[in-house]
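The values are calculated or read from the model by the stated rules, or taken from the named source; none is laboratory data. Values in this document were obtained by computation on a predicted structure and should not be read as measured data. Cβ: placed from backbone, ideal geometry, glycine included. Neighbour counts: every protein chain shown. Calculation scope for accessible area: heavy atoms of the full protein, side chains included, ligands and nucleic acids excluded. Shrake-Rupley method; radii C 1.70, N 1.55, O 1.52, S 1.80 Å.
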Amino acid sequence: HRTSLPSPMFSRNDFSIWSILRKCIGMELSKITMPVIFNEPLSFLQRLTEYMEHTYLIHKASSLSSTTERMQCVAAFAVSAVASQWERTGKPFNPLLGETYELIRDDLGFRLLSEQVSHHPPISAFYAEGLNNDFVFHGSIYPKLKFWGKSVEAEPKGTMTLELLEHNEAYTWTNPTCCVHNIIVGKLWIEQYGNVEITNHKTGEKCVLSFKPCGLFGKELHKVEGYIQDKSKKKLCALYGKWTECLYSVDPATFEAYKKNDKKNTEEKKSSKQVGNTEESDEMPLPDSESVYVIPGSVLLWKITPRPPNSAQMYNFTSFAMALNELDKEMESVIPKTDCRLRPDIRAMENGEIDLASEEKKRLEEKQRTARKNRSKSEEDWKTRWFHQGPNPHTGTQDWLYSGSYWDRNYFNLPDIY
(Lines give C-alpha, C1' and ligand atoms only; values in the text may rest on other atoms or scores of the structure.)
Protein backbone atom coordinates (compact mmCIF):
# COMPACT_ATOMS: atom_id res chain seq x y z
CA HIS A 1 0.00 0.00 0.00
CA ARG A 2 1.09 3.57 -0.57
CA THR A 3 3.00 5.29 2.22
CA SER A 4 2.15 8.93 1.46
CA LEU A 5 -0.53 11.07 -0.17
CA PRO A 6 0.04 12.67 -3.59
CA SER A 7 0.28 16.12 -1.98
CA PRO A 8 0.93 17.41 1.57
CA MET A 9 -1.80 19.23 3.51
CA PHE A 10 -2.47 22.97 3.20
CA SER A 11 -1.73 25.45 5.91
CA ARG A 12 -4.93 26.48 7.65
CA ASN A 13 -3.27 29.51 9.24
CA ASP A 14 -4.89 32.08 6.95
CA PHE A 15 -8.41 30.89 7.71
CA SER A 16 -10.49 31.76 10.72
CA ILE A 17 -13.01 29.16 11.81
CA TRP A 18 -14.48 31.78 14.08
CA SER A 19 -15.77 33.83 11.14
CA ILE A 20 -17.93 30.84 10.16
CA LEU A 21 -18.88 29.48 13.55
CA ARG A 22 -19.82 32.57 15.53
CA LYS A 23 -23.25 32.47 13.87
CA CYS A 24 -23.77 28.90 15.05
CA ILE A 25 -23.35 28.69 18.82
CA GLY A 26 -25.45 25.80 20.14
CA MET A 27 -26.57 24.73 16.66
CA GLU A 28 -26.37 21.23 15.16
CA LEU A 29 -23.26 21.40 13.02
CA SER A 30 -24.42 18.99 10.33
CA LYS A 31 -26.39 21.86 8.75
CA ILE A 32 -23.40 24.21 8.34
CA THR A 33 -21.24 24.24 5.23
CA MET A 34 -17.58 24.47 6.19
CA PRO A 35 -14.87 25.56 3.73
CA VAL A 36 -12.96 22.61 2.35
CA ILE A 37 -9.67 23.83 3.89
CA PHE A 38 -10.82 22.42 7.26
CA ASN A 39 -11.33 18.94 5.79
CA GLU A 40 -9.03 15.98 5.43
CA PRO A 41 -9.15 14.07 2.11
CA LEU A 42 -11.32 11.19 3.33
CA SER A 43 -15.05 10.63 3.52
CA PHE A 44 -16.53 9.87 6.96
CA LEU A 45 -17.23 6.36 5.58
CA GLN A 46 -13.47 5.90 5.12
CA ARG A 47 -12.72 7.39 8.51
CA LEU A 48 -15.10 4.86 10.08
CA THR A 49 -13.08 2.07 8.49
CA GLU A 50 -10.18 3.02 10.74
CA TYR A 51 -11.92 1.03 13.48
CA MET A 52 -10.45 -1.96 11.68
CA GLU A 53 -6.80 -1.00 11.91
CA HIS A 54 -6.18 -3.37 14.83
CA THR A 55 -8.27 -6.28 13.55
CA TYR A 56 -5.60 -8.66 14.85
CA LEU A 57 -7.16 -8.14 18.30
CA ILE A 58 -10.41 -9.71 17.07
CA HIS A 59 -8.57 -12.67 15.55
CA LYS A 60 -6.70 -13.05 18.82
CA ALA A 61 -9.95 -12.95 20.84
CA SER A 62 -11.33 -15.75 18.64
CA SER A 63 -8.33 -17.94 19.40
CA LEU A 64 -8.65 -17.72 23.21
CA SER A 65 -10.56 -20.23 25.31
CA SER A 66 -11.23 -18.07 28.42
CA THR A 67 -14.21 -15.69 28.27
CA THR A 68 -12.38 -13.10 30.39
CA GLU A 69 -9.36 -13.16 28.09
CA ARG A 70 -11.64 -12.77 25.08
CA MET A 71 -13.30 -9.77 26.74
CA GLN A 72 -9.86 -8.24 27.36
CA CYS A 73 -9.10 -8.43 23.63
CA VAL A 74 -12.52 -7.04 22.69
CA ALA A 75 -12.00 -4.15 25.15
CA ALA A 76 -8.56 -3.50 23.64
CA PHE A 77 -10.16 -3.49 20.18
CA ALA A 78 -12.83 -0.99 21.31
CA VAL A 79 -10.11 1.32 22.74
CA SER A 80 -7.80 0.91 19.73
CA ALA A 81 -10.70 1.80 17.41
CA VAL A 82 -10.60 5.44 18.54
CA ALA A 83 -6.79 5.73 18.70
CA SER A 84 -6.46 7.01 15.15
CA GLN A 85 -8.41 10.14 16.15
CA TRP A 86 -5.46 11.45 18.14
CA GLU A 87 -4.34 14.78 16.58
CA ARG A 88 -6.66 14.24 13.59
CA THR A 89 -8.13 17.74 13.57
CA GLY A 90 -9.23 17.78 9.92
CA LYS A 91 -12.90 17.09 9.36
CA PRO A 92 -13.77 14.16 7.10
CA PHE A 93 -16.09 14.96 4.17
CA ASN A 94 -19.78 14.38 4.88
CA PRO A 95 -20.86 11.35 2.85
CA LEU A 96 -23.52 11.89 0.20
CA LEU A 97 -26.72 9.86 0.51
CA GLY A 98 -26.09 6.51 -1.19
CA GLU A 99 -22.28 6.86 -1.05
CA THR A 100 -20.50 3.58 -0.32
CA TYR A 101 -17.01 2.43 0.60
CA GLU A 102 -15.46 -1.00 0.56
CA LEU A 103 -12.12 -2.21 1.84
CA ILE A 104 -10.58 -5.64 1.48
CA ARG A 105 -7.39 -6.22 3.44
CA ASP A 106 -6.12 -9.77 2.92
CA ASP A 107 -3.10 -8.98 5.10
CA LEU A 108 -5.37 -8.04 8.05
CA GLY A 109 -7.96 -10.74 7.34
CA PHE A 110 -11.16 -8.72 6.79
CA ARG A 111 -13.40 -7.05 4.26
CA LEU A 112 -15.75 -4.16 5.00
CA LEU A 113 -18.60 -2.35 3.33
CA SER A 114 -20.25 0.90 4.42
CA GLU A 115 -23.11 2.99 3.07
CA GLN A 116 -24.52 6.42 3.89
CA VAL A 117 -28.08 5.35 4.70
CA SER A 118 -29.52 8.71 5.78
CA HIS A 119 -28.63 12.34 5.11
CA HIS A 120 -30.72 14.19 7.76
CA PRO A 121 -29.78 12.98 10.32
CA PRO A 122 -26.47 11.78 8.84
CA ILE A 123 -26.20 8.01 9.47
CA SER A 124 -23.41 5.75 8.23
CA ALA A 125 -23.86 1.97 8.44
CA PHE A 126 -21.02 -0.56 8.10
CA TYR A 127 -20.54 -4.32 8.04
CA ALA A 128 -17.18 -6.08 8.27
CA GLU A 129 -16.40 -9.78 8.27
CA GLY A 130 -13.33 -11.92 8.84
CA LEU A 131 -12.02 -13.55 5.68
CA ASN A 132 -11.76 -16.83 7.61
CA ASN A 133 -15.36 -16.56 8.81
CA ASP A 134 -14.20 -16.01 12.38
CA PHE A 135 -16.08 -12.75 13.10
CA VAL A 136 -18.66 -10.22 12.03
CA PHE A 137 -18.46 -6.57 13.16
CA HIS A 138 -21.21 -4.13 12.30
CA GLY A 139 -22.89 -0.96 13.41
CA SER A 140 -24.17 2.44 12.46
CA ILE A 141 -22.92 5.84 13.54
CA TYR A 142 -24.94 9.00 13.83
CA PRO A 143 -22.42 11.65 14.93
CA LYS A 144 -24.19 14.45 16.83
CA LEU A 145 -21.96 17.52 16.66
CA LYS A 146 -22.38 20.47 19.00
CA PHE A 147 -20.45 23.71 19.10
CA TRP A 148 -19.67 25.12 22.56
CA GLY A 149 -17.85 28.36 21.79
CA LYS A 150 -14.30 27.08 22.17
CA SER A 151 -14.84 23.45 21.30
CA VAL A 152 -16.82 21.07 19.11
CA GLU A 153 -18.19 17.94 20.72
CA ALA A 154 -19.09 14.85 18.67
CA GLU A 155 -21.29 12.30 20.36
CA PRO A 156 -21.22 9.11 18.26
CA LYS A 157 -24.71 7.70 18.65
CA GLY A 158 -25.09 4.12 17.45
CA THR A 159 -24.21 0.62 18.64
CA MET A 160 -21.15 -1.46 17.73
CA THR A 161 -21.80 -5.21 17.54
CA LEU A 162 -19.01 -7.79 17.37
CA GLU A 163 -19.84 -11.46 16.90
CA LEU A 164 -17.18 -14.11 17.50
CA LEU A 165 -18.65 -16.88 15.38
CA GLU A 166 -16.63 -19.83 16.69
CA HIS A 167 -17.74 -19.04 20.25
CA ASN A 168 -21.27 -18.06 19.29
CA GLU A 169 -20.76 -14.85 21.30
CA ALA A 170 -21.91 -11.30 20.66
CA TYR A 171 -20.49 -8.14 22.25
CA THR A 172 -22.07 -4.69 21.99
CA TRP A 173 -20.91 -1.19 23.02
CA THR A 174 -21.14 2.49 22.09
CA ASN A 175 -18.13 4.74 21.47
CA PRO A 176 -16.98 7.57 23.79
CA THR A 177 -17.63 11.25 23.06
CA CYS A 178 -14.92 13.06 21.12
CA CYS A 179 -14.16 16.74 21.64
CA VAL A 180 -11.98 19.08 19.55
CA HIS A 181 -10.71 22.02 21.62
CA ASN A 182 -9.42 25.48 20.64
CA ILE A 183 -11.26 25.66 17.36
CA ILE A 184 -11.15 29.47 17.48
CA VAL A 185 -7.59 30.22 18.57
CA GLY A 186 -4.63 28.21 19.77
CA LYS A 187 -3.54 24.69 18.90
CA LEU A 188 -6.37 22.28 18.19
CA TRP A 189 -6.36 19.20 20.41
CA ILE A 190 -8.66 16.26 20.89
CA GLU A 191 -9.93 14.34 23.87
CA GLN A 192 -12.28 11.39 24.23
CA TYR A 193 -14.40 11.00 27.33
CA GLY A 194 -17.35 9.14 28.76
CA ASN A 195 -18.13 5.59 29.79
CA VAL A 196 -18.03 2.68 27.40
CA GLU A 197 -19.82 -0.47 28.52
CA ILE A 198 -19.11 -3.66 26.59
CA THR A 199 -21.56 -6.51 27.18
CA ASN A 200 -21.02 -10.17 26.36
CA HIS A 201 -24.61 -11.21 25.67
CA LYS A 202 -23.88 -14.91 26.10
CA THR A 203 -22.19 -14.86 29.52
CA GLY A 204 -23.50 -11.60 30.98
CA GLU A 205 -19.92 -10.42 31.57
CA LYS A 206 -19.39 -6.69 31.21
CA CYS A 207 -16.40 -4.47 30.73
CA VAL A 208 -17.00 -0.93 31.97
CA LEU A 209 -14.35 1.52 30.77
CA SER A 210 -14.07 5.14 31.75
CA PHE A 211 -12.40 7.50 29.24
CA LYS A 212 -11.27 10.28 31.54
CA PRO A 213 -11.77 13.94 30.73
CA CYS A 214 -8.43 15.69 30.84
CA GLY A 215 -8.87 17.37 34.23
CA LEU A 216 -7.25 20.49 35.53
CA PHE A 217 -3.54 19.91 35.06
CA GLY A 218 -3.75 17.38 32.28
CA LYS A 219 -3.13 14.58 34.78
CA GLU A 220 -5.88 12.43 33.29
CA LEU A 221 -5.26 13.32 29.64
CA HIS A 222 -6.05 10.33 27.34
CA LYS A 223 -6.46 7.97 30.32
CA VAL A 224 -8.76 4.95 30.16
CA GLU A 225 -9.47 2.59 33.02
CA GLY A 226 -12.11 0.15 34.13
CA TYR A 227 -13.02 -3.41 35.08
CA ILE A 228 -14.29 -6.61 33.60
CA GLN A 229 -16.97 -8.06 35.86
CA ASP A 230 -19.07 -11.19 35.78
CA LYS A 231 -22.87 -11.11 35.76
CA SER A 232 -23.00 -10.83 39.56
CA LYS A 233 -20.71 -7.74 39.29
CA LYS A 234 -17.67 -9.47 40.75
CA LYS A 235 -14.53 -7.79 39.38
CA LEU A 236 -12.49 -10.27 37.34
CA CYS A 237 -9.72 -7.95 36.21
CA ALA A 238 -8.80 -4.28 35.91
CA LEU A 239 -7.83 -2.55 32.66
CA TYR A 240 -5.88 0.70 32.33
CA GLY A 241 -3.87 2.69 29.80
CA LYS A 242 -4.29 5.55 27.33
CA TRP A 243 -6.43 5.45 24.21
CA THR A 244 -3.56 7.08 22.32
CA GLU A 245 -1.00 4.41 23.27
CA CYS A 246 -1.73 1.16 25.04
CA LEU A 247 -3.97 -0.93 27.27
CA TYR A 248 -2.93 -3.25 30.12
CA SER A 249 -4.79 -5.71 32.33
CA VAL A 250 -3.98 -6.49 35.95
CA ASP A 251 -5.51 -8.14 38.99
CA PRO A 252 -8.21 -5.85 40.53
CA ALA A 253 -6.74 -5.92 44.05
CA THR A 254 -3.29 -4.89 42.77
CA PHE A 255 -4.87 -2.10 40.74
CA GLU A 256 -6.85 -0.75 43.69
CA ALA A 257 -3.81 -0.79 45.97
CA TYR A 258 -1.86 1.15 43.33
CA LYS A 259 -4.68 3.69 42.92
CA LYS A 260 -4.92 4.25 46.66
CA ASN A 261 -1.19 4.83 46.92
CA ASP A 262 -1.15 7.10 43.86
CA LYS A 263 -4.00 9.17 45.29
CA LYS A 264 -2.16 9.56 48.59
CA ASN A 265 0.99 10.77 46.80
CA THR A 266 -1.00 13.25 44.70
CA GLU A 267 -2.72 14.67 47.76
CA GLU A 268 0.61 15.09 49.55
CA LYS A 269 2.00 16.93 46.55
CA LYS A 270 -1.06 19.15 46.38
CA SER A 271 -1.05 20.14 50.04
CA SER A 272 2.65 20.99 49.86
CA LYS A 273 2.07 23.53 47.05
CA GLN A 274 -1.44 24.88 47.61
CA VAL A 275 -2.64 25.77 44.12
CA GLY A 276 -4.55 29.02 43.75
CA ASN A 277 -5.54 28.97 40.09
CA THR A 278 -8.64 26.88 39.41
CA GLU A 279 -9.64 28.68 36.20
CA GLU A 280 -10.29 25.96 33.65
CA SER A 281 -7.95 26.35 30.71
CA ASP A 282 -8.60 25.36 27.13
CA GLU A 283 -4.89 25.13 26.43
CA MET A 284 -3.64 21.73 25.44
CA PRO A 285 -2.35 20.18 28.69
CA LEU A 286 1.07 18.60 28.52
CA PRO A 287 0.85 14.86 29.13
CA ASP A 288 2.62 13.51 32.23
CA SER A 289 6.31 12.94 31.68
CA GLU A 290 6.08 9.22 32.37
CA SER A 291 3.53 8.02 29.95
CA VAL A 292 1.67 5.08 31.44
CA TYR A 293 3.05 3.69 34.67
CA VAL A 294 3.02 -0.07 34.27
CA ILE A 295 1.84 -1.67 37.50
CA PRO A 296 3.94 -4.78 38.32
CA GLY A 297 2.12 -7.95 37.25
CA SER A 298 0.30 -6.29 34.33
CA VAL A 299 -0.19 -7.87 30.92
CA LEU A 300 0.01 -5.72 27.76
CA LEU A 301 -3.17 -6.15 25.67
CA TRP A 302 -2.56 -3.61 22.91
CA LYS A 303 0.06 -1.08 21.86
CA ILE A 304 -0.33 1.51 19.13
CA THR A 305 1.67 1.27 15.89
CA PRO A 306 3.83 4.40 15.56
CA ARG A 307 2.69 6.85 12.87
CA PRO A 308 4.82 7.22 9.77
CA PRO A 309 7.51 9.95 9.86
CA ASN A 310 5.64 12.10 7.29
CA SER A 311 2.34 11.94 9.23
CA ALA A 312 2.33 15.61 10.31
CA GLN A 313 2.43 16.82 6.68
CA MET A 314 -0.24 14.26 5.77
CA TYR A 315 -3.15 15.37 8.02
CA ASN A 316 -1.70 13.27 10.89
CA PHE A 317 -2.77 10.09 9.07
CA THR A 318 -1.68 6.67 10.27
CA SER A 319 -0.14 4.30 7.71
CA PHE A 320 -3.54 2.56 7.57
CA ALA A 321 -5.36 5.83 6.80
CA MET A 322 -2.83 6.73 4.12
CA ALA A 323 -3.99 3.79 1.99
CA LEU A 324 -7.77 4.26 2.39
CA ASN A 325 -8.30 6.39 -0.71
CA GLU A 326 -5.87 4.50 -2.92
CA LEU A 327 -7.28 3.64 -6.34
CA ASP A 328 -5.74 1.46 -9.03
CA LYS A 329 -7.09 0.54 -12.45
CA GLU A 330 -7.98 -3.00 -11.44
CA MET A 331 -10.01 -1.79 -8.44
CA GLU A 332 -11.69 0.90 -10.52
CA SER A 333 -13.13 -1.76 -12.81
CA VAL A 334 -14.88 -3.66 -9.96
CA ILE A 335 -16.07 -1.12 -7.37
CA PRO A 336 -19.54 0.42 -7.71
CA LYS A 337 -19.80 3.99 -9.02
CA THR A 338 -20.95 5.13 -5.55
CA ASP A 339 -17.57 4.32 -3.90
CA CYS A 340 -15.85 7.27 -2.12
CA ARG A 341 -12.65 6.63 -4.08
CA LEU A 342 -14.44 7.97 -7.16
CA ARG A 343 -15.62 11.13 -5.40
CA PRO A 344 -14.12 14.13 -7.22
CA ASP A 345 -13.88 16.68 -4.36
CA ILE A 346 -11.94 14.31 -2.09
CA ARG A 347 -9.70 13.23 -4.96
CA ALA A 348 -8.95 16.88 -5.86
CA MET A 349 -8.08 17.71 -2.25
CA GLU A 350 -5.81 14.69 -1.97
CA ASN A 351 -4.02 15.88 -5.12
CA GLY A 352 -3.51 19.34 -3.60
CA GLU A 353 -6.05 21.12 -5.84
CA ILE A 354 -7.89 23.03 -3.16
CA ASP A 355 -9.94 25.36 -5.41
CA LEU A 356 -11.14 22.47 -7.55
CA ALA A 357 -11.99 20.52 -4.37
CA SER A 358 -14.04 23.45 -3.14
CA GLU A 359 -15.94 23.82 -6.44
CA GLU A 360 -16.61 20.09 -6.65
CA LYS A 361 -17.82 19.93 -3.04
CA LYS A 362 -20.33 22.72 -3.77
CA ARG A 363 -21.42 21.03 -6.98
CA LEU A 364 -22.00 17.67 -5.28
CA GLU A 365 -23.96 19.23 -2.39
CA GLU A 366 -26.11 21.12 -4.91
CA LYS A 367 -26.68 17.96 -6.93
CA GLN A 368 -27.76 16.15 -3.76
CA ARG A 369 -30.21 18.95 -2.87
CA THR A 370 -31.75 18.91 -6.35
CA ALA A 371 -32.17 15.13 -6.23
CA ARG A 372 -33.91 15.43 -2.85
CA LYS A 373 -36.31 18.10 -4.19
CA ASN A 374 -37.14 15.94 -7.20
CA ARG A 375 -37.87 12.97 -4.95
CA SER A 376 -40.17 14.97 -2.71
CA LYS A 377 -42.07 16.22 -5.80
CA SER A 378 -42.63 12.70 -7.07
CA GLU A 379 -43.28 11.47 -3.47
CA GLU A 380 -40.65 8.85 -4.03
CA ASP A 381 -38.81 7.54 -0.97
CA TRP A 382 -35.06 7.03 -0.93
CA LYS A 383 -34.21 3.32 -0.87
CA THR A 384 -30.98 2.22 0.76
CA ARG A 385 -29.17 -0.39 -1.26
CA TRP A 386 -27.06 -2.58 1.04
CA PHE A 387 -28.60 -2.04 4.50
CA HIS A 388 -32.11 -2.08 5.96
CA GLN A 389 -33.53 -1.01 9.31
CA GLY A 390 -34.42 -3.66 11.85
CA PRO A 391 -33.94 -4.64 15.49
CA ASN A 392 -30.39 -5.47 16.59
CA PRO A 393 -30.58 -9.23 17.34
CA HIS A 394 -28.75 -8.79 20.67
CA THR A 395 -30.00 -5.51 22.13
CA GLY A 396 -33.41 -5.29 20.45
CA THR A 397 -32.88 -1.59 19.63
CA GLN A 398 -33.36 -0.20 16.09
CA ASP A 399 -30.25 -0.73 13.98
CA TRP A 400 -29.09 -0.83 10.38
CA LEU A 401 -28.49 -4.40 9.27
CA TYR A 402 -26.59 -5.64 6.21
CA SER A 403 -28.94 -6.92 3.49
CA GLY A 404 -26.31 -9.08 1.75
CA SER A 405 -25.18 -9.65 -1.85
CA TYR A 406 -22.80 -6.64 -2.14
CA TRP A 407 -19.79 -8.85 -2.90
CA ASP A 408 -21.60 -10.54 -5.83
CA ARG A 409 -20.44 -7.44 -7.77
CA ASN A 410 -23.77 -7.03 -9.46
CA TYR A 411 -24.22 -3.25 -9.40
CA PHE A 412 -27.23 -2.32 -11.51
CA ASN A 413 -29.34 0.88 -11.24
CA LEU A 414 -27.17 2.56 -8.59
CA PRO A 415 -27.86 6.25 -7.93
CA ASP A 416 -25.75 8.79 -9.83
CA ILE A 417 -24.39 10.82 -6.92
CA TYR A 418 -21.12 12.24 -8.28
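Using Cα atoms only, what is the angle between the long axis of helix 354-377 and the major principal axis of the chain, expressed in degrees (0 to 90) to the nearest 10?
Relative to the chain, helix 354-377 is tipped by roughly 70 degrees.
For the range 194-236, just list the percent of Cα-Cα distances falling in each 10 Å bin from zero outward, please.
Reading upward from the zero bin: 30, 40, 22, 9, 0.
Roughly how many Å² is the accessible area per residue of the chain, as a whole number, for a 1.4 Å probe?
Result: 48 Å² of accessible area for each residue.
Which links in K60/K260; K60/K91; K144/K329; K60/K233; K212/K362; K157/K260 stretch past 28 Å when you go from one Cα to the other?
From K60/K260; K60/K91; K144/K329; K60/K233; K212/K362; K157/K260, over 28 Å: K60/K260; K60/K91; K144/K329; K212/K362; K157/K260.
For N325, which sequence-distant residues (separation of 5 or more, or a different chain) have an amide H within less than 5 Å of its own amide H, given hydrogens modelled in the peptide plane?
Amide H to amide H, under 5 Å and 5 or more residues apart or across chains, N325 pairs with nothing.
Across the range 96-210, how large is the tail of the calculated P(r) beyond 20 Å, expressed as a percent of all Cα pairs?
Percent of Cα pairs beyond 20 Å in the range 96-210: 56.
Is the shape of the range 315-418 rounded, prolate or oblate, going by the alpha carbon gyration tensor and its root eigenvalues a ≥ b ≥ c, with a/c under 1.5 for rounded and a/b larger than b/c for prolate?
oblate
For the chain, which whole percent of the accessible surface, found with a 1.4 angstrom probe, sits on carbon and sulfur atoms?
Working: 10520 of 19950 Å².
Here it works out to 53 percent.
List the residues, sorted by chain then number, that are 5 or more residues from I123 or on another chain and whose placed amide H is less than 5 Å from its amide H.
Hits under the 5 Å cutoff: V117, S118.
Work through the residues other than S84 whose Cβ is under 12 Å from its Cβ and net out their charges, Lys, Arg +1 and Asp, Glu -1.
Here the charged neighbours net out to -1.
Can you list residues whose amide H is under 5 Å from K242's amide H, if they're 5+ apart or on another chain and H is modeled 1.01 Å from N?
Answer set, sorted by chain and number: V224.
Short version: ³J(HN,Hα) in whole Hz for each residue of the range 305-316, in order, from phi by Karplus 6.51 cos²θ - 1.76 cosθ + 1.60 (θ = phi - 60°), x for Gly and Pro, what are they?
In residue order, the calculated couplings are 7, x, 6, x, x, 8, 4, 4, 7, 10, 6, 6 Hz.
Which value results for Rg/Rh of the range 171-226 when Rg is the Cα radius of gyration and Rh the Kirkwood radius based on the inverse mean 1/r?
Using only Cα positions, Rg/Rh for the range 171-226 is 1.13.
Roughly how compact is the chain, stated as its Cα Rg over 2.2 N^0.38 Å to two decimals? It would help to have the intermediate numbers written out before the result.
Numbers: Rg = 22.2 Å, N = 418, 2.2 N^0.38 = 21.8 Å.
Cα Rg divided by the expected 2.2 N^0.38 Å: 1.02.
Would you mind classifying the range 364-418 by shape? Square roots of the alpha carbon gyration tensor eigenvalues, ordered a ≥ b ≥ c; an a/c under 1.5 is rounded, otherwise it is prolate if a/b is larger than b/c and oblate if not.
In terms of gyration-tensor shape, oblate.
To the nearest 10 degrees, how steep is helix 252-272 against the longest Cα principal axis of the chain, on a 0 to 90 scale?
Between the helix axis and the principal axis of the chain, the angle is about 80 degrees.
Quick check of the Kirkwood formula: for the range 63-129, what is the inverse mean of 1/r over all pairs of different Cα atoms, in Å? Spell out each step's value before the answer.
On the way: mean 1/r = 0.0684 Å⁻¹.
Value: 14.6 Å, from the Cα pair sum.
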